[in-house]
Amino acid sequence: RMFSSSPRHAELKSKILTSIGVRHEIVVGRASRFEDSFYSMLCDFVGRSNIIRQFPVLGYRVDFFIKIASVFIEFDEEQHLSKSAKQKDSQRWGEISKEIESVTGVVPKLIRVQKGGEVAALAKLAACICREAPDAFIEANGIERDNIYLCK
């Protein structure tokens, strides 16, 4: 299964894969069902109003920006795992980071989430929220500061 940003690219990918005998399915669109699933988790965790999806910077789009913690999140699936893809992702983030720092004066934080590592990413996000905006998180989720809640 592959993802493509346009029908033209999808058709080209399909021709190449067919020519070498690879069974495949190409989905046209930006977000995958895995990214959509993680977005649902984020919404449950921090509230939909605290998330900007596909945050635009320098002609790029960062998958998620969590406003209350000032944290960017990139959801990485298989296409991000090769050495060349990791290098491109690193260069891309370097450009984005410099731009955001030049505009805001703050070095941005990034959490990279590999498919399958969603819970670990939420733990990292929780740490960022506790450090940056614990009161906003408590208010957003309707939790009273001095009470203890048990999860069942």
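The values are calculated or read from the model by the stated rules, or taken from the named source; none is laboratory data. Remember, it's a predicted structure, so these values are computed and weren't measured experimentally. FYI the Cβ positions are ideal-geometry reconstructions off the backbone, even for glycines, and counts take in every protein chain you see. The protein model used for the area step is the full one, side chains on, heavy atoms only, and it has no ligands, DNA or RNA in it. Shrake-Rupley method; radii C 1.70, N 1.55, O 1.52, S 1.80 Å.
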Open item on the list: What distance in nm separates the two pseudo spin-label positions at Lys13 and Val119, each 7 Å out from Cα along the beta-carbon direction?
Closed with: 3.0 nm
- [ ] Rank these residues by their accessible area, most exposed first, probe 1.4 Å: Asp36, Asp44.
- [x] Asp44, Asp36
Task: For Leu58, solvent-accessible area (1.4 Å; no DNA, RNA or ligand), Å² - done: 100 Å²
TODO: With +1 on each Lys and Arg Cβ and -1 on each Asp and Glu Cβ, and nothing else charged, work out how big the dipole of segment 40-100 is about its Cα centre, in Debye to the nearest 20.
DONE: 180 debye
Task: Shape call, segment 35-123: gyration tensor on alpha carbons, a/c limit 1.5 - done: oblate
TODO: Taking all protein chains together and a probe of 1.4 Å, list Ser97, Ser82 from the most accessible to the least accessible.
DONE: Ser82, Ser97
